[in-house]
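Asks: A single structure is presented below for examination.
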Amino acid sequence: MTADKLALFGGTRAIPPRRASRDLVGWPVITDAERKAVLGVLDSGRYTSNSTGNGEVQLLEREWAAYVGTAHAAGIANGTAALEIALAAAGVEPGSEVLVPALSFIATAVAPVHRLVVPRFVDIDPDTFTMDPAAARAAVGPRTRAIIAVHLHGLPCDMAGLRAVADDHGLLLIEDAAQAHAAHYRGRRTGSLGDIAAFSLNVVKNLPTCGEGGLLNTDDEQTHRRILRLRQFGEDLEGRRERDYISRELAGNAKLSAMQAAFTRCQLARLDEYHAARDRNVRAMLTRLDALPGLRTPACPPDRTHAWHILRFRFDPAAMGIDGAHPGAVRAVLQRALRAEGVPVSPYQLAPLPMQRALRTREGFGGYPWLLADDRRQEEAADYPHTVAVLEDSLTLQRLHLNPNAGPVLRDWAGAFEKVWEHRDAVATAARSMVYTPAWHGPDWTSAEVPG
Ligand SMILES: *Cc1c(COP(=O)(O)O)cnc(C)c1O
């Protein structure tokens with residue numbers, strides 16, 4: 001016997017409203033430790049990264065370097081600024097190119113542009129959702145200086161594959177680990193796998209602060225010193241009793257605040273415990289979902305661990321027994337059906353990054369950096385077939401599963417998926433009657449100003 005009809009079509013919701021209480025799914029988890037630490041900063045009068053000695057920022061930097069396994073770590077205002085500084089500190093010059101995966105958060109592409117570096121997009125591996133090393137190799141050109149390896153959704157990239165490409169072409173390997181704190185690759189932590197690594201401490205990430213923050217890890221002493229300069233107007237503050245007001249190179253202000261660092265230190269003390277609980281909760285859910293035909297749960301190759309920052313599920317209409325419907329239509333109906341049951345699935349990224357209007361128009365800064373590289377290529381979504389396929393046939397779960405107490409909610413979600421799968425025929429009927437158009441064909445994405 002199948003359960004009641006789908007909530008989308010008037011049946012009872014699988015999950016009653018308000019079941020996902022703040023105790024179960026609130027993120028970040030805030031305890032008395034955070035309250036005490038933040039108030040402690042307020043009372044200390046030491047609010048910035050510039051305080052000498054054992055300020056909260058310096059303590060976080062030391063603890064994070066030790067945790068990741070690098071010689072150095074530096075607190076930065078946010079993850080995007082951390083990526084920009086990573087490029088500058090590593091010596092990626094204006095007019096050069098970096099390889100960026102076609103599926104990522106916009107920050108990965110905007111950071112190079114802000115440094116007048118051209119992002120060259122590379123398709124992903126359809127199972128891991130991270131940059132495909134073979135596609136990266138094919139994309140290397142005479143101006144390519146670095147690879148930005150994004151450990152998307154919390155899964156480390158194929159770093160051996162990317163390292164081989166980097167070594168063969170003399171490229172730097174920069175990690176964008178904003179989504180992958182505490183993940184391992186061949187026994188080493190993310191952040192210690194490339195030449196330099198950027199993390200975000202944004203409130204939604206696995207290692208959050210109460211707002212915005214970032215960190216940069218490197219083993220290289222010179223690079224680290226340059227990072228410290230680049231976050232503070234090009235000045236050298238370290239080892240100086242008094243500020244000398246000499247800007248040794250052009251740089252803005254991208255320091256981390258002490259309040260942010262104090263909050264994150266409390267989270268860092270519980271990072272492993274939370275990761276272990278999340279790992280259990282998520283795996284229990286994925287094991288159930290693996291039994292559903294045509295539902296592809298996130299892969300995790302045996303040489304790495306997954307931080308489970310975002311859970312992405314792909315849907316294979318044929319294996320679901322659905323024919324005559326576009327995967328994008330099936331995905332759209334599943335999104336409505338699952339949400340109606342109480343599962344907060346949503347897309348994460350609507351289009352390949354190069355389809356973002358901000359990049360496609362090549363307007364940049366008066367046409368730069370593309371004018372520097374004389375780059376007039378017209379990007380097409382079809383250049384990134386795996387990215388397109390993944391975007392069209394998948395949905396994600398975000399943030400709520402990060403709470404270590406979310407186990408019961410994930411069980412509810414699994415139950416709701418099972419219910420929707422029992423009603424695949426109703427999903428198929430709805431999907432067949434839908435006209436699917438890719439998001440990036442919509443008026444918000446296209447622009448008359450794209451150069452021909
Ligand atoms: C969040 C994120 C960033 C940017 O971090 P912010 O702290 O929000 O600036 C960069 N890259 C990826 C992959 C991210 O998910």
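Asks: Based on this model, can you work out whether T223 counts as farther than 22 Å from A88 by Cβ, touching a helix residue (DSSP H, G or I) at 6+ places or on another chain (Cβ under 8 Å) and part of a helix (DSSP H, G or I)? So that I can check it myself, show each step before the final result.
Replies: Details: farther than 22 Å from A88 by Cβ: no; touching a helix residue (DSSP H, G or I) at 6+ places or on another chain (Cβ under 8 Å): yes; part of a helix (DSSP H, G or I): yes.
No: the conditions fail for T223.
Asks: Here's another thing I want to ask about it. Taking the stated definitions as given, is S200 at pLDDT 95 or above, under 25 Å from R229 (Cβ atoms) and within 15 Å of the ligand (Cβ to nearest atom)?
Replies: Yes, satisfied.
Asks: On to the next question. Out of the stretch 348-394, which residues are surrounded by fewer than 17 Cβ atoms within 10 Å (Cβ to Cβ) and part of a loop (DSSP other than H, G, I, E, B)?
Replies: L350, T361, E363, G366, G367, D374, D375, R376, R377, Q378, E380
Asks: Can I ask one more? Take A82 and decide whether it is modelled with pLDDT of 95 or more, outside any helix (DSSP H, G or I), within 16 Å of the ligand (Cβ to nearest atom) and not hydroxyl-bearing (S, T, Y). Step through it out loud before you land on a result.
Replies: Working: modelled with pLDDT of 95 or more: yes; outside any helix (DSSP H, G or I): no; within 16 Å of the ligand (Cβ to nearest atom): yes; not hydroxyl-bearing (S, T, Y): yes.
The answer is no for A82.
Asks: Which of (1) farther than 15 Å from V98 by Cα; (2) of a type outside the set (S, T, N, Q); (3) surrounded by 22 or more Cβ atoms within 10 Å (Cβ to Cβ) is the odd one out, the single condition D219 does not satisfy?
Replies: (3)
Asks: Could you figure out which of (1) under 27 Å from the mean Cα position of the chain (by Cα); (2) surrounded by 14 or more Cβ atoms within 10 Å (Cβ to Cβ) isn't true of A7?
Replies: A7 satisfies all of (1) under 27 Å from the mean Cα position of the chain (by Cα); (2) surrounded by 14 or more Cβ atoms within 10 Å (Cβ to Cβ) except (1).
Asks: Right, something else. Does A276 count as within 16 Å of the ligand (Cβ to nearest atom), within 25 Å of R186 (Cα to Cα) and either surrounded by fewer than 16 Cβ atoms within 10 Å (Cβ to Cβ) or touching a residue at least 12 places away in the same chain (Cβ under 8 Å) (or both)?
Replies: No; evaluated as a whole, the condition is false for this residue.
Asks: Could you count how many residues in the stretch 53-79 are assigned to a loop (DSSP other than H, G, I, E, B) and free of Cβ contacts under 8 Å to residues at least 12 places away in the same chain? Steps first, answer last, please.
Replies: At the first step, the residues of the stretch 53-79 found to be assigned to a loop (DSSP other than H, G, I, E, B) are 53-55, 69-71, 77-78.
With free of Cβ contacts under 8 Å to residues at least 12 places away in the same chain added as a condition, the list becomes 53-54.
Final tally of qualifying residues: 2.
Asks: Hey, any hits in the stretch 38-46 for a residue that's part of a loop (DSSP other than H, G, I, E, B), surrounded by 15 or more Cβ atoms within 10 Å (Cβ to Cβ) and in contact (Cβ under 8 Å) with a residue 12 or more places away in the chain?
Replies: yes
For every residue, the table says whether it meets (1) of a type in the set (G, A, S); (2) under 19 Å from L215 (Cβ atoms); (3) within 16 Å of the ligand (Cβ to nearest atom); (4) touching a helix residue (DSSP H, G or I) at 6+ places or on another chain (Cβ under 9 Å).
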site: A109; (1), (2), (3), (4): yes, no, yes, yes
site: I124; (1), (2), (3), (4): no, no, yes, yes
site: R137; (1), (2), (3), (4): no, no, no, yes
site: P142; (1), (2), (3), (4): no, no, no, no
site: G154; (1), (2), (3), (4): yes, yes, yes, no
site: V165; (1), (2), (3), (4): no, no, no, yes
site: H169; (1), (2), (3), (4): no, no, no, yes
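The values are calculated or read from the model by the stated rules, or taken from the named source; none is laboratory data. Quick caveat: nothing in here was measured; it's all calculated off a predicted structure. Note that we place each Cβ from the backbone using ideal geometry, even for glycine, and neighbour counts take in every protein chain shown.
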